[in-house]
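Colleague: Sharing a structure, written as C-alpha cells. Questions coming.
The values are calculated or read from the model by the stated rules, or taken from the named source; none is laboratory data. Every value quoted in this text rests on a predicted model; they were computed, and no experiment measured them. Positions of Cβ are backbone-derived with ideal geometry, glycine not excepted, and every protein chain shown enters the neighbour counts. Heavy atoms of the whole protein, side chains included, go into the accessibility calculation; ligands, DNA and RNA do not. Shrake-Rupley method; radii C 1.70, N 1.55, O 1.52, S 1.80 Å.
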Amino acid sequence: MPPNDWKRIYILSAILGILVGYLYALVFRPSLLPPLLRLGGLHEPKTILFLGVDVVYNEREGVKKAERSALNGRSDTIMLARLDPYSNSLDVLSIPRDTQANIPGYGVQKINAANAYGGPELTMRTVSSLLDLPIDNYLILNVQGLVEMINELGGVTVEIPKPMHYMDWTAKLRIDLTPGFHTLTGNQAMGFVRFRHDALGDIGRVQRQEIFIRALLDRSIRPDSWLHIPRLISIAQEYMDTNMSMPFVLKVANFMRGVPKNNRHMVMLPGRFSGTGDWLADPDDVHKIVAKFLGSSFVSSERQRIKLVVINASSTPNLAYRLARYLRARGYSWVVVKSAEAGAAPTQHTRIIAQRANPEDADQVRSDLNRTGEVIYASVGDIESGVTVIAGDDIMPVLAVDDNKPKVRSRRRTAGALSHAI
C-alpha cells in the first residue's frame with residue numbers, strides 16, 4: 001500500500017477515535033467534558049429562579065377540586081441557581097417558603113405568597129431585592145409535573161434520614177417512609193419533599209429538598225436518561241411555565257447534569273426563627289453567599305472560627321464524644337455533640353457537611369480527619385453549625401491511632417479547658 005494511503009488511514013482512525021471518545025463522554029461521562037464542548041451547552045453564567053408550586057384548589061358547585069396543572073398557588077419550593085460554565089460549577093440557594101421578605105406592592109410577609117399575588121415575575125423581583133442580586137430567568141413547575149417526571153424516569157433513589165409518617169390531607173397524600181436508601185416513585189418523592197412535620201418544620205423540608213435535588217442530579221447523569229427526554233419535554237410543556245425557550249431549557253438541563261459532583265454546591269438561606277416561626281435572613285451571611293454565587297471564595301479557613309456539630313451515626317456508643325475531644329485537640333474551640341435522629345440506622349461512612357456555603361471549612365475538617373469521609377456541599381446538617389460531622393464507623397481507625405499516641409498530662413487545667421471537657 002502506498003505511504004500516502006497509510007497516512008490517510010492513520011488520520012481517519014485518529015478522527016474516528018476522537019469522535020467515539022467524545023460521544024462516549026457526552027452520554028456516559030458528561031462531567032469529563034468542558035462546558036463549552038458539551039452539545040448544546042451554556043456559554044455564559046446564568047442565574048435562574050426555580051419555583052415549585054403547591055396544589056391549587058378551586059371550588060365548583062360547593063366542591064373543592066384540585067387544579068392539576070395550575071401554577072398560581074403559593075410556592076412550596078424556592079431555589080436560586082447560578083450556572084457558571086467558566087468554573088463548570090452549579091450553586092443552588094434554597095430559600096425557605098416562610099422567609100420574611102418585602103413583596104413589592106404587598107409589604108413584608110412570607111415570601112411564598114409572592115407567586116400567588118403576581119406570579120413568577122413578582123417572585124423574581126422579590127428574591128432579587130432580598131438578595132440584591134440580578135436574576136436572568138425563571139422556571140415554575142407544578143407539583144404534579146414533578147410526580148409524572150419522576151415516574152417517567154423510573155424513580156429516584158434517595159437516602160431517607162429518619163422515619164416519616166403523615167397523612168397530607170391538602171395533597172391527599174399518605175407519607176410513609178422508613179430510613180435507608182429507597183427508590184421513590186413520583187408520589188413518594190412528592191411526600192418526601194413536602195414533609196414538614198418534625199421539629200424543624202419548613203427548614204427540615206428545605207433540607208430534604210436539597211437531598212432530593214442531589215439525588216435527582218445523580219439520576220440524570222445515567223446514560224438511559226437520554227431515552228426519556230421526549231416524554232419529559234411533553235410533561236414540562238403541560239406543567240411548567242418559564243421565560244426561557246425550550247431549546248434553552250434543554251441547554252440548562254444538559255449543563256446541570258454535566259457539572260462534576262464536587263462542583264455542585266447547595267446552601268440554605270442562613271438565618272434564624274422569629275417569634276412567630278417565620279425565617280429571618282441573616283444579612284451578613286446572605287452577603288457572603290451572594291459573593292460566593294458571583295465567584296468569590298473565602299480567603300482561608302480558621303479552625304477556631306468554625307462552628308462544629310458532631311453527631312454519632314456509627315454503631316459505637318459515645319463515639320461522638322471521642323471525636324469531639326479529637327477535634328478540640330486540633331484547635332477547634334466551638335464543638336458541640338448532638339444526638340442522631342431517632343430511628344436512624346448506623347452508617348459506615350462519615351459525612352462532613354458544609355452547612356453555610358463554606359466548602360473550605362468542610363475541607364479543613366476532612367483534612368484533620370486524615371481525609372476520612374465525604375464532603376457534602378448542601379445545607380442538610382445542623383442549622384446552628386458551620387460544619388456538621390455525621391460520624392460513621394469508618395472514623396474509628398482515625399480515633400484508634402490517636403488513642404495509641406502517648407499522652408502528655410498537664411498538672412493544671414484552666415477554667416477554659418474544664419469548660420470544654422467532655
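Colleague: Just to check your reading of the model, which residue among PRO346, PRO359, PRO397 is open to solvent by 50 Å² or more (accessible area, probe 1.4 Å) and modelled with pLDDT under 90?
Modeller: PRO346
Colleague: Inside segment 77-120, can you point out the residues that are over 22 Å from ARG208 (Cα atoms), free of Cβ contacts under 8 Å to residues at least 40 places away in the same chain and not in a strand (DSSP E or B)?
Modeller: Listed by number, the residues that qualify are PRO104, GLY105, TYR106, ALA114, TYR117, GLY118.
Colleague: Could you count how many residues in segment 266-293 are among the hydroxyl-bearing types (Ser, Thr, Tyr) and touching a Leu at 6+ places or on another chain (Cβ under 9 Å)?
Modeller: 1
Colleague: From ILE150, ILE160, ILE140, grab the single residue that is over 21 Å from ARG219 (Cβ atoms), at pLDDT 85 or above and open to solvent by less than 60 Å² (accessible area, probe 1.4 Å).
Modeller: Criteria check complete, one pass: ILE140.
Colleague: Shifting gears a bit: Select from segment 188-214 the residues that are in a loop (DSSP other than H, G, I, E, B) and among the aromatic types (Phe, Trp, Tyr) and list them in ascending order.
Modeller: PHE195, the sole residue that qualifies.
Colleague: Being surrounded by 14 or more Cβ atoms within 10 Å (Cβ to Cβ) and closer than 20 Å to ASP84 by Cβ is the filter here; which residues of segment 270-290 pass it?
Modeller: Those that are surrounded by 14 or more Cβ atoms within 10 Å (Cβ to Cβ) and closer than 20 Å to ASP84 by Cβ: VAL286, LYS288, ILE289, VAL290.
Colleague: Regarding segment 202-215, can at least one residue be identified that is under 30 Å from GLU341 (Cα atoms), open to solvent by less than 40 Å² (accessible area, probe 1.4 Å), over 16 Å from the mean Cα position of the chain (by Cα) and not basic (Lys, Arg)?
Modeller: No: zero hits.
Colleague: Count, please, the residues in segment 336-352 that happen to be hydrophobic (A, V, I, L, M, F, W, C) and within 12 Å of ALA391 (Cβ to Cβ).
Modeller: Within segment 336-352, residues that are hydrophobic (A, V, I, L, M, F, W, C) and within 12 Å of ALA391 (Cβ to Cβ) number 3.
Colleague: Taking the condition of being open to solvent by 10 Å² or more (accessible area, probe 1.4 Å) and assigned to a strand (DSSP E or B), how many residues in segment 163-174 meet it?
Modeller: Qualifying residue count, segment 163-174: 6.
Colleague: Right, here's the next one. Please name all residue pairs, on different chains or six or more residues apart, with Cβ atoms under 8 Å, provided the first residue is in segment 362-378 and is on the phi > 0 side of the Ramachandran plot and assigned to a helix (DSSP H, G or I) and the second residue is hydrophobic (A, V, I, L, M, F, W, C) and modelled with pLDDT of 95 or more.
Modeller: Listed by first residue and then by second, the contacts come to nothing, as the list is empty.
Colleague: Quick check: is even one residue across segment 308-321 part of a loop (DSSP other than H, G, I, E, B), surrounded by 21 or more Cβ atoms within 10 Å (Cβ to Cβ) and under 22 Å from the mean Cα position of the chain (by Cα)?
Modeller: Checked segment 308-321: at least one residue is part of a loop (DSSP other than H, G, I, E, B), surrounded by 21 or more Cβ atoms within 10 Å (Cβ to Cβ) and under 22 Å from the mean Cα position of the chain (by Cα).
Colleague: Which one is most open to solvent (accessible area, probe 1.4 Å), of the residues in segment 237-260 that are touching a Ser or Thr at 6+ places or on another chain (Cβ under 7 Å) and not in a loop (DSSP other than H, G, I, E, B)?
Modeller: Here the residue is GLU238.
Colleague: Filter segment 226-236 down to residues that are over 25 Å from the mean Cα position of the chain (by Cα) and open to solvent by 80 Å² or more (accessible area, probe 1.4 Å), then give me how many there are.
Modeller: 3
Colleague: Got a sec? Which of ARG125, ARG97, ARG82 is of a type outside the set (Val, Ile, Thr) and surrounded by fewer than 19 Cβ atoms within 10 Å (Cβ to Cβ)?
Modeller: Exactly one residue qualifies, and that residue is ARG125.
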